[in-house]
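Taking it in order: structure first as structure tokens, then the write-up.
Where a number appears in this text, it was derived from the coordinates with a stated rule and is not lab data. From a predicted model like this one, the values you see are computed outputs, not experimental measurements. Every residue, glycine as well, gets a Cβ built from its backbone with ideal geometry; the counts of neighbours run over all protein chains shown.
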Amino acid sequence: MAKRKPSARPPEGVVKGPYLQSSVKRRIEALFLDNVGKVLSREQILEAARDPVSGKEPENWHQRLSELRTDDGYTILSWRNRGGLKVQEYMMPHTEKRLGAAKRVKPTKQTWQQVLDRAGHRCEWLEKGQKCGLREGESDPIGGGRVTLTPDHKRPHSVDPDADPKDPNQWQALCGRHQVVKKNYWDSMTGKLNTYAIVQAAPETEKRAVFLFLLEYFGYALEADGSIRKREGS
């Protein structure tokens with residue numbers, strides 16, 4: 001098998017605004033729909049997402065971008081899943097939408113306040129026994145912007161679409177970055193771990209380790225020249 005060549009770089013997109021839609025997500029959507037098949041940079045997304053009245057730059061644009069993928073069903077590619085794109089570059093290759101999950105239930109105001117009180121107004125994302133702990137209004141040192149906590153189903157929405165809006169034990173407070181992580185890494189239709197998305201987000205060294213593991217698993221070997229051959233007896 002011949003060594004795979006990197007994908008050709010798509011053409012550059014342009015901001016055709018002004019975008020006057022009422023929400024950050026809809027302004028970003030309009031920008032991508034104006035540039036289907038073209039590369040857009042982080043700076044262009046921020047320019048389009050600005051409040052058309054105040055000119056204020058949104059701090060939660062990356063969460064709205066994720067919602068276009070997960071909630072609206074658009075395919076929006078980044079450097080993690082498209083050769084030729086650089087870090088902080090994005091592209092919508094077509095306008096087709098995937099089927100999305102059903103309308104989401106939200107906790108009542110009283111329940112949400114109970115969740116926030118329990119969490120100490122901090123993000124409750126738990127990973128390897130360590131809570132995120134970012135407080136509402138703080139600066140996110142990794143994702144950037146000010147932390148805004150939002151309610152999240154403890155069980156994936158597709159597994160338990162009828163979560164009780166009055167039971168705080170069924171909800172958790174998450175910062176915007178970890179809402180994005182959960183949406184990207186859990187399949188919204190099945191509630192199962194989205195291994196494909198996890199591999200896409202992994203560093204290059206980990207992608208290569210997964211690639212070599214799969215070659216071994218399916219009985220192939222990677223040659224020094226980059227070609228792949230089927231192992232004898234496999």
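Between Arg208 and Glu12, what's the calculated FRET efficiency when r is the beta-carbon distance and R0 is 35 Å? Round to 0.05. Efficiency for this residue pair is about 0.75. Under 19 Å from a label point set 7 Å out along the Cα-to-Cβ vector of Asp51, the amide N atoms of region 109-138 belong to 137-138. Size estimate for region 1-98 follows the Kirkwood approach: the inverse of mean 1/r over distinct Cα pairs works out to 13.9 Å.
Full extension from Leu33 to Thr108: what is 0.36 nm times the residue separation minus their Cα-Cα distance, to one decimal in nm? Write out the running numbers ahead of the final one.
Working: separation 75, 0.36 × 75 = 27.00 nm, distance 3.47 nm.
Difference between extended and current length: 23.5 nm.
Tell me, Leu31, Leu68 in order of fewest to most beta-carbon neighbours within 10 Å? Numbers along the way, then the final one.
Working: Leu31 24, Leu68 19.
In order of increasing Cβ crowding within 10 Å: Leu68, Leu31.
Here the extension length gained between Ser23 and Glu232 equals 69.4 nm, from 0.36 nm per residue of separation less the Cα-Cα distance. In this calculation the C-beta distance from Glu127 to Glu96 is compared with R0 = 35 Å, giving a FRET efficiency of 0.55. Centre-to-centre, using Cα atoms only, region 202-234 and region 7-79 are separated by 36 Å.
Subtracting the Cα-Cα distance of Leu215 and Thr148 from 0.36 nm times their residue separation leaves 19.9 nm of extension gain.
Placing dummy labels 7 Å off each Cα toward the beta-carbon, the span from Ser41 to Thr195 is 3.8 nm. Sorted fewest first by neighbouring Cβ atoms within 10 angstrom, Arg42, Arg64, Arg229 come out as Arg229, Arg42, Arg64.
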